[in-house]
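This report concerns only the one structure given below.
Read-outs: derived from the displayed coordinates by stated rules, not from any lab. These numbers come from a predicted model, not from an experiment. Using ideal geometry, Cβ is built from the backbone for each residue, glycine included, and neighbour counts are taken over all protein chains shown.
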Amino acid sequence: MAGIRDIAKKAGVSISTVSYALNGSSKVTEETRAKIKHIAMELNYVPNLAGRTLKKQSSNIIAMYVADFGGDFYSHVIDGVDQVLRANHYELIVGAGGDKSRALIPQKFVDGAVILDQAFPDRLIKSFAKQGSKMVVMDRELSGTNVHKVLLDNAKGAEQAIRALVAAKVDYYVFISGPSDSYDSQIRLQTALASLSDKTDAPVVVIPSDFTIEGGRKAAKKISNAHLKNVGVFALNDELAIGLYEALPELGYTVGKDIKIIGFDNDLIGHYLTPQLTTIDYSKHKWGETAAQTLIDMIKDNGQASNHYIETKVIRRGSLGEETVNHDQDRLSHF
């Protein structure tokens, strides 16, 4: 494998000149930089990341950890993170859990991390923070020295969902939750139960699920087996709502009439359901942008970093039986 010495020899310059050129220093001319980069490409030069990081005390790389890569959700959040990092001359690498990828943080191969993976243990985050690593969490109530949180306002969104559901004048309520270890699901469910109890004595059934379309299909069968009519359903994410839409017609239910549904996330597919899905909306892109900017502020240590909550709102369409839908507000907030 070619090294800096090989490049310097072929270019007829010193090793320091090659180093300056490859690291973007203004100490070399653009002509020299272009020549050296061309030679480096010819020789298939790959920089030694460990050595560079040790020397500069910085890699200009940020890691992001997510639970998985499925669905509509992560693409918008990751893109928001990436755009802010690019504007600040950082690169992004994304991983879906695992001890080896997490080890990049304490070994200083990355300058910081954005964490949106409930499987990433709190104890590791706290341990890495004590060692000086800077992190932003998007999925848990955790903050302190070297750790800031940028969270979705799940409580406000759940309250908005319950107000809309109660206004639909149903006789029974069903809440379909996500995984038991999901921060978002826990807050949405706890808040929804408390908010509903303040507004009505109507019975409520909680169906534990997993934030998937298949989970929604299974929940539809449970609703049918309970012989509930004039039901109001709060699906704690839109994928669960999609599963309900797929299964309920076969079970004799008509969405928007004898069963009314509100989701959470404003996924794109909600536009193409019949009736269109009423849901809780927020900007996934802004959530990612805010997380990335918070981490940049922490790294720069300029005093601007703080905890943040991302706002939510109701997007009314037709799944709660709305007769009039305000299409002016029906705009995706991904961006």
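Dipole of region 1-158 computed with +1 at Lys/Arg Cβ and -1 at Asp/Glu Cβ about the Cα centre; of SER14, ALA2, VAL81, farthest Cα towards the positive end is SER14. Taking the Cα centre of each part, how many Å lie between region 1-36 and region 147-202? Here the two parts' Cα centres lie 59 Å apart. Residues whose amide H lies under 5 Å from that of MET64, counting only those 5 or more places away or on a different chain, are ILE93, VAL94, GLY95, VAL114; hydrogens are built 1.01 Å from N in the peptide plane. The trypsin sites (Lys or Arg not before Pro) of region 141-217 that meet both conditions, a loop assignment by DSSP and at most 14 other Cβ atoms within 10 Å of the site Cβ, are LYS169. Distant-in-sequence amide contacts of GLN276, defined by a placed amide H-H separation under 5 Å and a gap of 5 or more residues or a different chain, comprise GLY318. Pairing the Cα long axis of helix 154-167 with the longest principal axis of the chain, what angle in degrees results, from 0 to 90 and rounded to the nearest 10? Long axis of 154-167 versus the principal axis of the chain: about 20 degrees. Computed from backbone phi with θ = phi - 60° and the Karplus coefficients 6.51, -1.76 and 1.60, the 3J(HN,Hα) list for region 175-188 is 10, 10, 9, x, x, 5, 9, 8, 4, 4, 5, 4, 5, 4 Hz; x is used for glycine and proline.
Set Lys and Arg Cβ to +1 and Asp and Glu Cβ to -1, take the dipole of the chain about its Cα centre, and tell me which of THR32, PHE69, LEU152 lies farthest positive. Positive-most Cα among the choices belongs to THR32. Note on region 95-132 and region 218-240: Cα centroid distance 38 Å, given to the nearest whole angstrom.
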